[in-house]
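Below: one structure, written as structure tokens.
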Amino acid sequence: MLCRSVMSPASVHVVVGYDFSAAGRATLYRAIGIAKRAPFHVLHFVCVVDPHTPLPQLPSTARVDHTYAERVQRAISNEVETELDNANSTARVEFFVHARIGKPASEILDVARSVGASLIIIGSHRLGGLKRFVLG
């Protein structure tokens, strides 16, 4: 798990599903916006990789294993740091990056339980209108 800063006891933990997709990028922007406005939020970016298929944005000739998961963590951490720098905010945003191998729903919920998350943000992947509202 890669991280930035140290959590305080009054922190509110937010789990953010991220997978390098357009929907994932939207969750990243939304989470950073929340944390900029309310810096007591601690963001936990979670990327879950299928054990048989690497992410299209981070191709690999080797198998999906812990080494690959570490590579995913570094890539996400770099993206989050870049977006925080681009946000031009004076607020200090704390974040952690979790790269897991498995089924997305199970792994995201596992991280949420383990950190005591108050909120989970995930992308809507091609949902619009009423379907997106109902999912939210």
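Brief remarks on what is shown
- Conditions (1) under 15 Å from the mean Cα position of the chain (by Cα); (2) modelled with pLDDT under 90; number of the one not met by Phe20: (2)
- Yes/no for Ser106 being under 17 Å from Asp19 (Cα atoms), crowded, with 18+ Cβ neighbours inside 10 Å, at pLDDT 95 or above and hydroxyl-bearing (Ser, Thr, Tyr): no
- Within region 69-126, the set of residues being over 13 Å from the mean Cα position of the chain (by Cα), among the aliphatic types (A, V, I, L, M) and part of a loop (DSSP other than H, G, I, E, B) comprises Ala87, Ala91, Val93.
- Residue count, region 109-129 (criterion: modelled with pLDDT under 90 and not hydroxyl-bearing (Ser, Thr, Tyr)): 6
- Of all the criteria given as (1) under 17 Å from Gly123 (Cα atoms); (2) part of a helix (DSSP H, G or I), the one not satisfied by Cys47 is (2).
- Selection within region 65-92 - free of Cβ contacts under 8 Å to residues at least 12 places away in the same chain and β-branched (Val, Ile, Thr): Thr67, Thr82, Thr90
- Sub-8 Å Cβ pairs linking a first residue in region 96-115 that is free of Cβ contacts under 8 Å to residues at least 40 places away in the same chain to a second residue that is part of a strand (DSSP E or B) and not β-branched (Val, Ile, Thr), at least 6 apart or interchain, are Asp110/Arg100, ordered by first then second residue.
- Cβ separations smaller than 9 Å between residues 6+ apart or across chains give the following pairs from region 10-21 residues that are of a type in the set (Asp, Glu) to residues that are assigned to a loop (DSSP other than H, G, I, E, B): Asp19/Leu55; Asp19/Gln57; Asp19/Gly123.
- Candidate set from region 23-56 (those that are surrounded by 15 or more Cβ atoms within 10 Å (Cβ to Cβ) and of a type in the set (Lys, Arg)); member that is nearest to the chain's Cα centre (by Cα): Arg25
- Region 57-68, residues that are more than 17 Å from the chain's Cα centre (by Cα), part of a loop (DSSP other than H, G, I, E, B) and at pLDDT 90 or above: Val64, Asp65
The values are calculated or read from the model by the stated rules, or taken from the named source; none is laboratory data. Everything quoted here is computed from the prediction, not taken from an experiment. For neighbour counting, all protein chains shown are included, and Cβ atoms are generated from backbone atoms with ideal geometry for every residue, glycine included.
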